[in-house]
Amino acid sequence: MKTEFRPARVQEMDEIYLMGYDAWSYGRPVEKYLAECRASKNYQSCRWFVLCDGAILRSSILIHTFDPWGEQLVRGIGSVATQLEFRRHGYGNIIVKSALSYLMREENPEIIFLYSDIGEAFYKRHGFLALATQYQTKQTATLMVRMLPEYDPTVVEQYKRNIPGYF
Ligand SMILES: CC(C)(COP(=O)(O)OP(=O)(O)OC[C@H]1O[C@@H](n2cnc3c(N)ncnc32)[C@H](O)[C@@H]1OP(=O)(O)O)[C@@H](O)C(=O)NCCC(=O)NCCS
C-alpha cells in the first residue's frame, strides 16, 4: 500500500489528538485531554495533515500560517506525532519531509518555525537550526527555524517581536 500525505478529515481528529497523548496529556484522563484538544483555539486555527496507509493513520502534523515578515512568508509546523505502535519505523521523518515538500510546492515560504520538545537532532536532519538563546521563549522546548535561501540573523533580529510563541 502506498503511504499518503493528505489533509486530515474531521472524523479523524480524535485519533490524531491521541497520537500525542503520551507526550502532552501530563497525566490528564483521556476524555479531559480530548475535550481540551477539541476546544483548543490553537488547534482550530491551523491545518492538520496525516500520513496514512489506506485507512491506517500512522502520523500527524499541523501547519500554522503566521503574519508575513515584510515580503517573507512565515509558516510553522508542530504537534508531530506517530501512533505509539508505529514509532521508530521512519514515519515521523516521512511526515516532516512531506509537510515541508507540501509547503514548498504550494506556498513556498521563506521562513518555517517549530518548537521541538525532543531536542534538535531530529529536526536538524530537515534543515532546521536552533535560534540563539535570546530568541528562545520556552524552557522545555527549543525554537528552531528553517530559512531560505539561508539563515539570516538580521531578519530574525528585525522581526524578533513577531517570533511565534509556543504553538
Ligand atoms: C517524535 C516522534 C514524532 C517520532 O516519530 P517516529 O515515527 O518514531 O519517527 P522516526 O521513526 O522517523 O524517527 C525516530 C527518531 O525520532 C527521534 N526521537 C523520537 N523520540 C524522541 C525523544 N523523546 N527525544 C529525542 N529524539 C526522539 C529519534 O531521533 C529517533 O531516531 P532513532 O530511532 O534513530 O533513535 C514520536 O516519537 C512521537 O510521536 N512522540 C510523541 C509526540 C512528540 O513528542 N512529538 C515531538 C514534538 S516536537
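No lab work stands behind these numbers, since they all come straight from the coordinates. Treat the numbers as computed from the prediction; the structure is a model and nothing was measured. Cβ: placed from backbone, ideal geometry, glycine included. Neighbour counts: every protein chain shown.
Which net charge results when you count Lys and Arg as +1 and Asp and Glu as -1 among the other residues whose beta-carbon is under 11 Å from that of Asp14? It works out to a net charge of -2. With Rh defined as the Kirkwood radius, the inverse of the mean 1/r over Cα pairs, the Rg/Rh of the chain is 0.96.
Once the Cα atoms of helix 30-39 and of the chain are each reduced to a long axis, what angle between those two axes, in degrees from 0 to 90 to the nearest 10, is obtained? Long axis of 30-39 versus the principal axis of the chain: about 50 degrees. The stretch between Lys97 and Gln72, if pulled fully straight at 0.36 nm per residue, gains 6.9 nm over its current Cα-Cα span.
Excluding same-chain residues fewer than 8 positions from Lys32, which lysines have a Cα within less than 22 Å of its Cα? Counting by Cα, and skipping residues close in sequence, Lys32 has these lysines nearby: Lys41.
Could you tell me which of rounded, prolate or oblate describes the stretch 56-96, using a ≥ b ≥ c as the square roots of the eigenvalues of the alpha-carbon gyration tensor, with rounded for a/c under 1.5 and, failing that, prolate when a/b is larger than b/c and oblate otherwise? Please report the intermediate quantities before stating the final value.
On the way: a/c = 4.65, a/b = 3.31, b/c = 1.40.
Prolate.
Here is the list for the stretch 105-167: trypsin sites (Lys or Arg not before Pro) lying in DSSP coil, each with at most 11 other C-beta atoms within 10 angstrom of its C-beta, are Arg125, Lys138.
The alpha-carbon positions of the stretch 1-98 define a convex hull whose volume is 114 Å³ per residue.
Computed extension length for Thr140-Ala23: 40.9 nm, one decimal, from 0.36 nm per residue of separation with the Cα-Cα distance subtracted. The largest-to-smallest principal axis extents of the Cα set in the stretch 84-160 are 43, 32, 15 Å.
If both residues of a DSSP beta bridge must be in the stretch 1-141, then about 85% of such bridges are antiparallel. Net charge dipole, the stretch 14-167: roughly 220 debye, given to the nearest 20, about the Cα centre with Cβ charges of +1 for Lys and Arg and -1 for Asp and Glu.
Pairwise Cα distances in the stretch 44-143 exceed 23 Å for 27 percent of all pairs. Taking the centroid of alpha carbons for each part, the stretch 33-61 and the stretch 103-125 are 18 Å apart.
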